[in-house]
Amino acid sequence: MRLAGRPSKRIAGIANRRSEKARRVSSTELSHLRRTIDLACSAVADGERPFAAVLVGYNGKLLGEACNNVVTSGDPLKHAEMNVLRNAHLRHGTGRMRNSAIYVNGEPCTMCAGAIIRYGISRVVFGLPEAELWPYVRSNSLPVSYPSAPVFALARPRIKVISGLLMAYARRPFEMYAAKERR
């Protein structure tokens, strides 16, 4: 029998995990994540898919930001993460990218996860996990989902991955995209 006013162990465990997750990110990191969500909303308004990324150097300096532009370019490799990594590489070089953090509104796909590893990114922070975003973006041309967790698990040195932040807000560009696609 549970005492009134005391949460069940299951609910207390969920609350502890949420507060633990919140302790692992700073307000600055949450601002970077919010920026990706705002950029993704702009991408949808411009006719693109709902993804955006921000890359921040180990010293806290912004190295770049980019949106997905697969639709307008016709290039299936023009994911937000790939765009921001390529642009930062060309502008700053790989040395300044090492040990940086990438912020993405939705979980990176396996291709992007591989690129993140190859560029030596040490921290990945994203809003919506793949299982949550997949119903909004799946289509006949994308019949299979590609979560990044199995790829990141292979990385050496380990990459710090923090997911499931600002979920209600992170869902917004995906909802906008799905509503546009239904029209």
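The values are calculated or read from the model by the stated rules, or taken from the named source; none is laboratory data. Values in this document were obtained by computation on a predicted structure and should not be read as measured data. We place every Cβ from the backbone using ideal geometry, glycine too, and count neighbours over all the protein chains shown. Ligands, DNA and RNA are excluded from the accessible area calculation, which covers all protein heavy atoms including side chains. Shrake-Rupley method; radii C 1.70, N 1.55, O 1.52, S 1.80 Å.
Multiply the residue gap between T28 and L154 by 0.36 nm, knock off their C-alpha separation, and tell me the result in nm, one decimal place.
42.5 nm
Are there trypsin sites (Lys or Arg not before Pro) in segment 150-180 that DSSP puts in a loop and that have at most 13 other Cβ atoms within 10 Å, and which ones?
Those satisfying the criteria are R158.
Please calculate the 1.4 Å probe accessible area of M82, with all protein chains present, and give it to the nearest 10 Å².
Probe radius 1.4 Å; accessible area of M82 about 30 Å².
Using a basic spin-label model with each label point 7 Å from the Cα along Cα→Cβ, how many nm lie between R98 and Y58?
Taking the simple label geometry, R98 and Y58 are separated by 0.7 nm.
Arrange the residues V151, V71 by how much accessible surface each exposes, largest first, with a 1.4 angstrom probe.
Heavy-atom accessible area, descending, gives V71, V151.
Of all the accessible heavy-atom surface of segment 78-183, with the other protein chains kept in place and a 1.4 Å probe, what percent is carbon and sulfur?
53 percent
Test of understanding: what is the full-extension gain from L90 to S42, defined as 0.36 nm times their sequence separation minus their Cα-Cα distance?
Computed gain between L90 and S42 is 14.8 nm.
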